[in-house]
Amino acid sequence: MSDLYTEVMVEKKFTGKEMAIKVSLIFLTVLAAVAGLTIFPPILIAALVLGVLDYFIIPKLNVEYEYLYVNGELDIDKIYSRSKRKKGSSFNLSKMEIMAPVNSHQLDSYRNNPNIKTVDYSSRMPDAKVYAVIIPSEKEMLKVLFEPNDIMIKDIRSKMPRKVFTD
């Protein structure tokens, strides 16, 4: 029997808040550098510190998610600026309670539950087909939001047909 393997890449939408952070950091760095060179030289230390912050923070604002489904395991990794990969989460989908589109009536009993923590791995695009997986973790119940393609949905459904809904 062959392995079920599906991989999907989704780029997260660049929000206004993230753009404001990026512009603010760059503006403050340039301002501190110019002030240090022209007015008060010790301000160059602040420019150097801001430059280091820019180096570490700005790449983390450009995020892609990679969903990897292999035989009942869903791994979600974060890729920053198309160069740095960070392990996100791993879920054994055989333990999930339900998987359905976010606005599906199948999720009604989970909607207003304060004990469910939401983890968002979606692109946050308004026209995206976002699915929710309700799954227990070590500490609490999780509602994992992600955007599988049709092949991944079909593969997950072939393993757990009574837990996956597409309506």
Hull volume per residue for the chain, using the convex hull of the C-alpha atoms, in Å³ is 145 Å³
Please give the charge dipole size of the chain, origin at the Cα centre, charges +1 on K and R Cβ atoms and -1 on D and E Cβ atoms. Round to the nearest 20 debye.
260 debye
Rounded to the nearest 10 Å², what accessible area does ILE45 have for a 1.4 Å probe in the complete protein model?
120 Å²
Quote the charge dipole size of region 25-113 about the Cα centre in Debye, to the nearest 20; the model charges only the Cβ of Lys and Arg (+1) and of Asp and Glu (-1).
220 debye
Checked region 60-159 with the C-alpha gyration tensor, a ≥ b ≥ c its square-rooted eigenvalues, rounded below a/c of 1.5, otherwise prolate if a/b is larger than b/c and oblate if not; verdict rounded
On Cα atoms only, tilt of 150-159 relative to the major axis of the chain in degrees:
50 degrees
Please count, across region 33-130, the pairs of lysine residues with Cα atoms under 18 Å apart that sit 8 or more places apart or on different chains.
7
Degrees between helix 43-57 axis and first principal axis of the chain (Cα, 0 to 90, nearest 10):
20 degrees
Solvent-accessible area per residue for region 1-130 at a 1.4 Å probe radius, Å²?
63 Å²
Residue of ALA132, ALA100, ALA47 that the Gaussian network model of the chain assigns the largest fluctuation, springs spanning Cα pairs under 10 Å
ALA47
Could you work out what % of the accessible surface of the chain is carbon and sulfur, using a 1.4 angstrom probe and leaving DNA, RNA and ligands out of the count?
60 percent
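The values are calculated or read from the model by the stated rules, or taken from the named source; none is laboratory data. Quick caveat: nothing in here was measured; it's all calculated off a predicted structure. Ideal geometry is used to build each Cβ from the backbone, glycine not excepted, and the neighbour counts take in all protein chains shown. Areas reflect the complete protein model, heavy atoms only, side chains present, ligands, DNA and RNA absent. Shrake-Rupley method; radii C 1.70, N 1.55, O 1.52, S 1.80 Å.
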